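Just so you know, all these numbers are worked out from the coordinates, no wet-lab data involved. Predicted model, so just to flag it, every value in this text is computed and none were measured. Backbone-built Cβ (ideal geometry, glycine too); neighbour counts: all protein chains shown.
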Amino acid sequence: MDNNATTQPLPQVVGAMGVCLESGYANPSSVHHFGQRVRHEVEVAREKVATLIGARPRELVFTSGGTESINLALCGFLRARRSRVHRPMRVVTSMVEHSAVLKVCERLEKDGCEIVRIGVDADGLLDLAEFETALSEDTDLVSLMYANNETGVLFDMQRLAELCAERGVALHVDAVQAVAKVPIDVRTLPVTMLSLSAHKFHGPKGVGALFVRRRTPVEPLILGGGQERDMRGGTENVAGIVGLGVAAEEVGLHLSAGIETVRDLRDRLERGILERFPTARVNGGGATRIANTTNIGFDGLEAEAILILLSEAGICASAGSACSSGSLEPSHVLKAMNVDRRIAHGSIRFSLSRFNTDEEIDGVVRELPKLLGRLDAFNRERN
Ligand code: PLP
């Protein structure tokens, strides 16, 4: 139940990647027939990913995953713009972004860029008034996440993208947790760039893509042999790209059914837990969320201890984002939402996939009171 950290690759993905490694291993830049066959595989995958988000195949750059896509979007876009705009750059983002965006923004700030970080309300939704005020004429780029990896809260991206488009400000969307969980169509969603990552939707790790709308200048960050139409040097991760393509096709085919299945599971889990723990609270529960995620705070308990007990019982969940585990600080997302410290410290993220079952959900609902009862008794003894 930790599918926002990563997902199980689909059997079709594993199968296609195996075939590729065994018999499709030529270099796609080679002119011989073997290389050209593999080039074709890469381009078929590009079409499949394009279809999933309504893009043109030429608008996609394959990368090593969400983090690289985000780095390319922000740094590559600003680098290309710097040659035309002769003043310090200005980027507007939010306080609840994934660390990939947060860290890139910190670096940009050190390099002299102005970073404006917009807050969120108690449900994790972007402060629209603050956002509109921040969208000044000299804003060079906006970067916002579509779905929050910790709470699953969805920003109203259609509205936010339209606001940016009206003001003529470029928008990068970190859609890593949104792809395959909400329908995305860049023909009607006016974003400039959009990042995605295969391993979040049943593809392999270490491969993703950046959508760059036609005629958007972006400078490459990785220089080399001119691959990806000069946007990203280095021999392509062909098996990974093929796996990404198959995952995109598969999730696209079953998108609405897949979302409904997972929503039923999530609601069953949430209901079951809240019935047994009436003081527990769903962080972001008042907002529209992706269907697979619930982030539940247990008053006065320690998330790390809950996770260890869950893990011993065979249940994999997470506290906040995987990247911040090991730290006792409440997550920056829950802090930005002003969640009470006691609840924030005891907040657990369950993130489901279509591979979870009703039996598993019922197992968690059954086990949790026993585990938390043990923890409570231990805490009382210690005090
Ligand atoms: N953005 C969000 C919202 C994420 O959840 C993640 C991964 O957890 C990333 C970006 C980074 O993606 P990747 O693991 O492919 O580098």
- Message: Lysine pairs in the chain with Cα distance under 23 Å, only those 8 or more apart or on different chains: how many are there?
- Response: 8
- Message: Just to be sure I understand: of the beta bridges DSSP finds with both ends in the chain, what percent are antiparallel, rounded to 5?
- Response: 55
- Item | Inter-site label distance for Lys205 and Asp362 at 7 Å from Cα along Cβ, in nm | 3.3
- Short version: ³J(HN,Hα) in whole Hz for each residue of segment 60-66, in order, from phi by Karplus 6.51 cos²θ - 1.76 cosθ + 1.60 (θ = phi - 60°), x for Gly and Pro, what are they? 10, 10, 6, 9, 8, x, x
- Longest to shortest principal axis, alpha-carbon extents of segment 67-183, angstrom: 38, 29, 24
- Task: For segment 1-64, report the convex hull volume of the alpha-carbon atoms normalised per residue, in Å³, without decimals.
- Result: 116
- Item | Per-peptide average of other Cβ atoms within 10 Å, ordering 53-64, 121-132, 4-15 highest first | 53-64, 4-15, 121-132
- Order of Cys164, Cys20 - criterion: other Cβ atoms within 10 Å of each residue's Cβ, fewest first: Cys20, Cys164
- Item | Electrostatic dipole magnitude of the chain [Cβ: Lys, Arg +1; Asp, Glu -1; Cα centre; debye, to 20] | 780
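List the relative contact order of the chain as a percent without decimals, with contacts defined as Cα pairs under 8 Å and 6+ residues apart.
On the way: 737 pairs, mean separation 86.9, N = 383.
It comes to 23 percent, rounded to a whole number.
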- Across the Cα atoms of segment 257-363, what radius of gyration and what greatest pairwise Cα-Cα distance (Dmax) are found, in Å? 13.3, 38
- What nm distance separates the two modelled labels at Gln12 and His33, each placed 7 Å from Cα along Cα→Cβ? 2.9
- Note on the structure: Within segment 62-99, the residues whose backbone N lies under 18 Å from a label point placed 7 Å from the Cα of Glu137 along the Cα-to-Cβ direction are 85-91
- Express in whole angstrom the spacing between the alpha-carbon centres of segment 189-255 and segment 73-143. 23
- All Cα pairs of the chain, percent lying beyond 41 Å: 16
- Packing-ranked peptide list from 212-221, 68-77, highest mean Cβ count within 10 angstrom first, is 68-77, 212-221
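With a cut-off of 8 Å between alpha carbons and a minimum separation of six or more residues, what is the relative contact order of segment 96-241 in percent?
Relative contact order, segment 96-241: 14 percent.
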- Sorted by mean Cβ packing within 10 Å, highest first, what order do the peptides 37-43, 150-156 take? 150-156, 37-43
